[in-house]
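The values are calculated or read from the model by the stated rules, or taken from the named source; none is laboratory data. Note that the structure is a prediction, hence the values are computed from the model and not measured. Cβ placement follows ideal geometry from the backbone for every residue including glycine, while neighbour counts extend to all protein chains displayed.
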Amino acid sequence: MRYRFCPLCGSELKLKNAGDDGNVPFCESCGKYWFDSFGSCSIVLVANEFDEIALLRQGYMSDKYTSFVSGYISPGESAEEAALREVREEIGITLDSLEYGGTYWFAKSDLLMHGFIGRAKKAPLKLSAEVDSAEWTRAEDVVKTLFPDSPGNAAFALYRIFMERRNS
């Protein structure tokens, strides 16, 4: 989000040089810069001891393609805490481990996605109201329904990392 008005006093912001950051919206009344802001979320590839991956289908995203567990990071929460929470909330699984998989910019939604690979013991998936369906899928079969590979597709990037680490 690019600020046009000061969130504190409502004054119209003017661009002002902020050194290395270039011209940034600035409130002359409050003396405060308002840097662009954007949402952040965690996305988690959850795999079990049989190298099966939890694939989720959420109708508001697509009725054709599947993805992994994901959700917004709440204020005061780390990306790792959000990842663990979202996995518990969306599919009822408690992770045994969580490994960093990188960050990905999703331009369509101006969203920074923090990617993780989580490991858990195989258990029945207990779905939240946000999830229309989910199932454990053999790692090799994930590409059949995962959102197609494209720039900004964090799920596919995490899948590639998982497969590379698994095969090394």
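Tabulated data
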quantity: All positions within region 42-61 that are surrounded by 14 or more Cβ atoms within 10 Å (Cβ to Cβ) and either out of contact with any Ser or Thr (no Cβ under 9 Å at 6 or more places or on another chain) or farther than 18 Å from Y100 by Cα (or both); calculated: L45, V46, A47, N48, E52, L55, L56, R57, Q58, M61
quantity: Elements of type strands (runs of 3 or more DSSP E) in region 70-168, at least 2 residues being within 14 Å of L45 (Cα to Cα) and among the polar types (S, T, N, Q); calculated: 97-106
quantity: Selection status of A54, aliphatic (A, V, I, L, M) and part of a helix (DSSP H, G or I); calculated: no
quantity: Pairs with Cβ under 9 Å, 6+ apart, first in region 140-154 and at pLDDT 90 or above, second exposed (fewer than 10 other Cβ atoms within 10 Å of the Cβ) and part of a loop (DSSP other than H, G, I, E, B); calculated: T145/K64
quantity: Subset of region 112-137 that is within 16 Å of the chain's Cα centre (by Cα) and among the hydrophobic types (A, V, I, L, M, F, W, C) - its residue that is surrounded by the most Cβ atoms within 10 Å (Cβ to Cβ); calculated: F116
quantity: Check on I91, within 30 Å of D36 (Cβ to Cβ) and at pLDDT 95 or above; calculated: no
quantity: Verdict on L158 being in contact with a strand residue (DSSP E or B) (Cβ under 6 Å, 6 or more places away or on another chain), modelled with pLDDT under 95 and either assigned by TED's automatic domain parsing to the domain that holds Y65 or farther than 16 Å from V69 by Cβ (or both); calculated: no
quantity: Residue check for A154: among the small types (G, A, S), more than 15 Å from the chain's Cα centre (by Cα) and buried (at least 16 other Cβ atoms within 10 Å of the Cβ); calculated: no
quantity: Residue in region 84-100 that is within 21 Å of S150 (Cα to Cα) and touching a residue at least 12 places away in the same chain (Cβ under 8 Å) present; calculated: yes
quantity: Complete set of residues in region 2-41 that are closer than 30 Å to G101 by Cα and not in a loop (DSSP other than H, G, I, E, B); calculated: D20, D21, G39, S40, C41
quantity: Failed criterion for Y100 (all others in (1) under 13 Å from the mean Cα position of the chain (by Cα); (2) buried (at least 20 other Cβ atoms within 10 Å of the Cβ) hold); calculated: (2)
quantity: Some residue of region 70-80 being assigned by TED's automatic domain parsing to the domain that holds D141, surrounded by fewer than 18 Cβ atoms within 10 Å (Cβ to Cβ) and of a type in the set (V, I, T); calculated: no
quantity: Residues satisfying the stated conditions in region 28-51, i.e. over 30 Å from L158 (Cβ atoms), hydrophobic (A, V, I, L, M, F, W, C) and in contact with a strand residue (DSSP E or B) (Cβ under 8 Å, 6 or more places away or on another chain); calculated: W34
